[in-house]
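Rule-based calculations on the coordinates, nothing more; no lab input. Keep in mind the model is a prediction, meaning the values are calculated, not measured. As a convention, Cβ positions derive from the backbone with ideal geometry for all residues, glycine included, and neighbour counts pool all protein chains shown.
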Amino acid sequence: MSVSSRIPSTGWRGVVQWARGFRDDALALTRQIHSTHGPVVQQGGILRTVSLFGPDANRMLLLDRDKLFSAKRSWELIMGRIFGGGLLLRDGEDHRHHRKIMQEAFKTHALESYCERMNPAIADGIADWGSESGTFYAFPAFKHLTLNLAAEIFLGEKLGPEVTQLNRSFEATVAASMSILRLPIPGLEFHAGLKGREHMSHFFRDLIPQKRAGEGSDLFSRLCRAEAEDGSRYTDQEIVDHLNFLMMAAHDTTTSTLTSLMYLLAKHPEWQERVRQESRALSTGPVAYDDLSKLETLTRCMHETLRRYPPLSTIPRVAERAFEFEGYRIPARTMVSIYPIHTHHMEQYWTDPFQFDPDRFSEGRAEHKQHSHLWVPFGGGNHMCLGLRFAEMQIRAVLHQLVQRVRWEVPAGYEMPVQEAPISKPKDRLPLTLTRLH
Ligand code: HEM
């Protein structure tokens with residue numbers, strides 16, 4: 001194949017369209033751009049931003065066999081000043097070293113102990129759901145629940161009055177990481193985010209001596225004790241940076257998935273009932289880590305939710321060197337992005353991609369296995385989500401209890417309005433009607 005440096009471009013109109021449309025309907029926009037221009041598309045005329053579409057592009061970028069791409073450079077542009085030092089904002093040997101140490105806190109024995117701590121906290125958190133009449137807003141309710149679970153599992157703290165301030169600081173940091181106007185001027189979102197980071201960092205730093213000395217099974221304590229093969233450990237600053245990033249990486253993504261799952265099960269009550277019967281048959285109480293994977297129907301519904309509404313609709317990198325893809329030469333220092341949300345809806349792979357059809361993940365059909373990088377809600381390669389098993393555990397543990405506590409519905413014809421970027425969420429907070437079952 002001959003190589004061309006003339007990459008199809010959306011032109012300047014495309015840049016404007018992108019800026020306006022990506023946040024609100026990334027799926028429609030990426031489908032339109034892909035069908036008009038093909039699998040390699042430049043945004044605008046001179047901007048060094050290239051979009052790649054399809055599972056081959058996902059594999060090339062995520063596996064990065066030729067060591068072309070920097071995650072650090074791309075994510076630093078987006079959230080460097082707020083979440084600097086986080087695992088995703090590291091490359092090469094430095095990233096490998098830090099990931100190896102952190103893996104200790106995500107091994108099976110650690111997940112088992114998180115699950116044990118999580119179960120009573122979930123029961124507590126959802127105890128009054130459905131007890132009041134009127135509309136129940138799922139998105140803020142899950143935000144609140146997952147923050148409390150994070151305090152319990154990550155920090156090992158039962159948060160008292162400081163939870164409100166910590167919550168505010170955390171919200172401010174997440175909002176600021178996506179701010180357009182990045183100036184530390186009082187009154188601006190970005191300034192509030194920097195303050196929030198400062199507050200959280202102090203909170204974490206003050207606890208480090210106690211966590212290092214103790215034998216706690218929370219994630220914070222495990223990070224303090226974790227060692228590389230050569231015996232080296234994280235410094236205090238590295239622990240603070242990693243915790244700040246982990247809180248963010250875990251919180252909004254899990255909230256997003258729980259909310260979308262709740263929506264799809266409300267739209268498809270027959271599936272909600274199947275999930276309920278399966279949970280009842282397994283146990284009417286909380287379930288241990290090992291048993292959660294027995295919830296096969298729930299697992300398929302969760303995977304289908306992550307296909308329809310991947311919390312991260314796009315994954316960016318910066319090319320350190322020029323490279324060739326699909327007959328085009330892409331220059332060094334280009335921002336290159338792939339789009340899980342687009343790949344998850346390609347008609348040539350998925351049957352009726354806009355339908356909720358959890359059985360497409362069944363062993364018999366396994367549509368996602370047609371290509372190694374067709375279903376990529378957790379990314380892939382060296383930076384593949386380290387919290388994948390944690391996230392799946394938490395989502396299953398919450399749903400297992402929730403589905404036995406309440407039934408939920410949306411009015412006939414309701415369609416959830418979704419903001420797909422930076423992290424997928426309902427624009428209307430997802431109003432539901434809950435009915436208590438016991
Ligand atoms: C459904 C929930 C989640 C989704 C969809 C998700 C998605 C992702 C994706 C797509 C990436 C890779 C981004 C890239 O390559 O640029 C990633 C990275 C990461 N995620 Fe998650 N995530 C979820 C939950 C979590 C949780 C619960 C944790 C922690 C407990 C976590 C920790 C991380 C970390 C540490 C990384 C960086 C890995 C590295 O750079 O080596 N995530 N996540």
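What residue among Ile185, Val163, Phe106 has its Cα farthest toward the positive end of the dipole of the range 99-195, where the charges are +1 on Lys, Arg and -1 on Asp, Glu, each on the Cβ?
The one lying farthest along the dipole's positive direction is Ile185.
Using a simple charge model, +1 on the beta-carbon of Lys and Arg, -1 on the beta-carbon of Asp and Glu, nothing else, what dipole does the chain show about its Cα centre, in debye to the nearest 20?
Numbers: 53 positive and 52 negative charges, 194 e Å.
Here the size comes out at about 920 debye.
I'd like the distance between the alpha-carbon centres of the range 400-421 and the range 217-275, rounded to an integer number of Å.
Using only Cα atoms to place each centre, the spacing works out to 22 Å.
Any chance you could run the full-extension gain for Glu112 through Asp66? It's 0.36 nm times the residue separation minus the Cα-Cα distance, nm to one decimal.
Numbers: separation 46, 0.36 × 46 = 16.56 nm, distance 3.68 nm.
Extra length available between Glu112 and Asp66 comes to 12.9 nm.
Give me the net charge of Asn58's neighbourhood, meaning all other residues with Cβ under 14 Å from the Cβ of Asn58; Lys, Arg count +1, Asp, Glu -1. Mind dumping the intermediate values first?
Values: positive: Arg59, Arg65, Arg307, Arg317; negative: Asp56, Asp64, Glu326.
Value of the local net charge: +1.
Once the other residues with Cβ under 15 Å from the Cβ of Arg365 are scored (Lys, Arg +1; Asp, Glu -1), what is the net sum? Before the final figure, lay out each step's value.
Values: positive: Arg300, Arg307, Arg360, Lys369; negative: Glu296, Glu304, Asp352, Asp357, Asp359, Glu363, Glu367.
For residues surrounding Arg365, the net value is -3.
Which Rg and Dmax, in Å, describe the Cα atoms of the range 11-436?
21.4, 60
For the range 193-271, what Kirkwood radius comes out of the mean inverse Cα-Cα distance, in Å?
Values: mean 1/r = 0.0671 Å⁻¹.
Taking every pair of different Cα atoms in the range 193-271, averaging 1/r and inverting gives 14.9 Å.
Can you pull out the GluC sites (Glu not before Pro) in the range 114-195 that DSSP calls coil and that have at most 12 other Cβ atoms within 10 Å?
Working: sites: Glu116, Glu132, Glu152, Glu157, Glu162, Glu171, Glu189; in loops: Glu132, Glu157.
Within the range 114-195, the qualifying GluC sites (Glu not before Pro) (loop, at most 12 other Cβ atoms within 10 Å) are Glu132.
Show me 420-429, 391-400 ranked by packing, highest mean number of other Cβ atoms within 10 Å first.
Working: 420-429: 18.5, 391-400: 22.7.
Per-residue mean Cβ counts within 10 Å order the peptides as 391-400, 420-429.
Just from its helices, what would the mean residue ellipticity at 222 nm be for the chain, if runs of 4 or more DSSP H residues each count -39500 (n - 2.57) and the sum is divided by every residue, rounded to the nearest 500 deg cm²/dmol? Don't skip to the answer; put the middle values down first.
On the way: 15 runs with 226 residues, N = 438.
So the helix-based figure for the chain works out to -17000 deg cm²/dmol.
If you take the beta carbon distance between Gln348 and Glu324 as r and set R0 to 30 Å, what does 1/(1 + (r/R0)^6) give as a FRET efficiency, to the nearest 0.05?
Working: r = 23 Å, r/R0 = 0.78.
Plugging the Cβ-Cβ distance into 1/(1 + (r/R0)^6) gives 0.80.
Local charge sum around Arg23 (other residues, Cβ-Cβ under 14 Å, Lys/Arg +1, Asp/Glu -1)?
Values: positive: Arg20, Lys425, Lys427; negative: Asp24, Asp25, Glu420.
Once all neighbours under 14 Å are counted, the net charge is 0.
Relative contact order for the chain using alpha-carbon pairs under 8 Å, separation at least 6, rounded to a whole percent? Walk me through the numbers before you get to the answer.
Working: 677 pairs, mean separation 114.0, N = 438.
This gives 26 percent for the chain.
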